[in-house]
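The structure under discussion appears below in the form of structure tokens.
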């Protein structure tokens, strides 16, 4: 993949994630334990836990983008961190911060 195009995709992904994180933190999911009391409904607790899980997933994606940006700077972008095989451009278009081929990622996730 063209490095300039990869930078653009990563920058768009970073902006989307930072915006979504900003929206979540504006509602304060990190201090949910301080706000939820014994009289609050289970729905309130569920909503707070869901927001916390979403924020954690977004932070993990942001970390993956940072790793991809480092690989891009080092000339290793688009190469699987597991096998050293090229990651197909179609996969990088869909997930610019992909670290493995689709097959490797499926094995990685099933081994968790």
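The values are calculated or read from the model by the stated rules, or taken from the named source; none is laboratory data. From a predicted model like this one, the values you see are computed outputs, not experimental measurements. Using ideal geometry, Cβ is built from the backbone for each residue, glycine included, and neighbour counts are taken over all protein chains shown.
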For region 78-90, state whether one or more residues are surrounded by 13 or more Cβ atoms within 10 Å (Cβ to Cβ) and closer than 12 Å to residue 6 by Cα. yes
Between residues in region 10-24 that are surrounded by 13 or more Cβ atoms within 10 Å (Cβ to Cβ) and residues that are not in a helix (DSSP H, G or I), which pairs lie under 8 Å by C-beta distance while being six or more apart or on different chains? 10/96; 10/97; 13/96; 13/97
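Can residue 34 be described as at pLDDT 95 or above, loosely packed, with under 10 Cβ neighbours inside 10 Å and assigned to a helix (DSSP H, G or I)? Give the derivation first.
Values: at pLDDT 95 or above: no; loosely packed, with under 10 Cβ neighbours inside 10 Å: yes; assigned to a helix (DSSP H, G or I): yes.
Spelling it out, it is not the case that residue 34 is at pLDDT 95 or above, loosely packed, with under 10 Cβ neighbours inside 10 Å and assigned to a helix (DSSP H, G or I).
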Answer residue from region 97-112, given it is in contact (Cβ under 8 Å) with a residue 24 or more places away in the chain and in a helix (DSSP H, G or I) and is surrounded by the most Cβ atoms within 10 Å (Cβ to Cβ) among those: 104
Residue 75 versus (1) at pLDDT 95 or above; (2) touching a helix residue (DSSP H, G or I) at 6+ places or on another chain (Cβ under 7 Å): which is the lone unmet condition? (2)
Against the condition in a helix (DSSP H, G or I), at pLDDT 95 or above, in contact with a helix residue (DSSP H, G or I) (Cβ under 7 Å, 6 or more places away or on another chain) and within 26 Å of residue 73 (Cβ to Cβ), how does residue 7 come out, does it pass? yes
Scan of region 56-96 for residues that are under 16 Å from the mean Cα position of the chain (by Cα) and in contact (Cβ under 8 Å) with a residue 40 or more places away in the chain, ordered by number: 58, 61, 62, 65, 68, 69, 92, 93, 96
